[in-house]
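These notes are about the structure you will find just below.
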Amino acid sequence: MLRKQPNLKSKLAVIPLFAIGMVTLGDWASTATAEQVGGRSYFDHAPRLTRSAVSNYTPLNPSTYQFTISVPSDAGAALQTVKIVQEPNLDRVHFNVANSSAFLGNSFAGGQSVPLAALGGDLPQDATEATVTFNPPIQPGQTVTVVLDASKNPWLGGSYLFGVTAYPEGNQNSGLFLGFGRIQFPIY
């Protein structure tokens, strides 16, 4: 008697992806559609948070934080905006959003610079979140790295999580949570 194998691609059987320096939530949200639904834009297939890194792990020193996002060739929509928000922790990383930048590719060496149309965040007095809008949007099949300057690293070591949300090109678009970028600071 043949037994049917479980479908490991089903939403309930998705196993989260883990990698050094970051955690993503895998493909759980990859079924959104790029078509206009109720006046909102969506991705056909979700972009992926593939890397998070920091240039300096020393407590209380300025540093550069990088978050790399791959837009699949079958995304169905270009990536317009990325929002990065630190999850609550014992200490906070304060971003200098005015010094944000982006480039195509995924390494500290950098690639072609991507012009930014807008910079911001909902909590300017706290500065623990940053919103970056690309001009032009990042096309399907491309990878982009968002670079955020921080005035200082946390004084307390441990794992710090940064939620990354992607917004497709279009009016009244809906954000798609890609997962958490994880930065592990040494405990001294």
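For LEU156, the solvent-accessible surface with a 1.4 Å probe is about 50 Å², rounded to the nearest 10.
Leaving out ligands, DNA and RNA, and with a 1.4 Å probe, what % of the accessible surface on segment 73-188 is carbon or sulfur? Don't skip to the end; give the middle numbers.
Values: 2680 of 5220 Å².
So the carbon and sulfur contribution to the accessible surface is 51 percent.
Near PHE67, once Lys and Arg are set to +1 and Asp and Glu to -1 for all other residues with Cβ below 15 Å from its Cβ, the sum equals +1.
Pull out the extension gain between GLU87 and TYR57, defined as 0.36 nm times the separation in residues minus the alpha carbon to alpha carbon distance; nm, one decimal. Show your work: numbers first, answer last.
Working: separation 30, 0.36 × 30 = 10.80 nm, distance 1.83 nm.
This chain segment gains 9.0 nm when fully extended.
The values are calculated or read from the model by the stated rules, or taken from the named source; none is laboratory data. The shown structure was predicted, so the numbers you read here are calculated from the model rather than taken from an experiment. With ideal geometry, Cβ positions are generated from the backbone for all residues, glycine too; neighbour counts draw on all protein chains shown. The accessibility values were calculated without ligands, DNA or RNA, using every heavy atom of the protein model including side chains. Shrake-Rupley method; radii C 1.70, N 1.55, O 1.52, S 1.80 Å.
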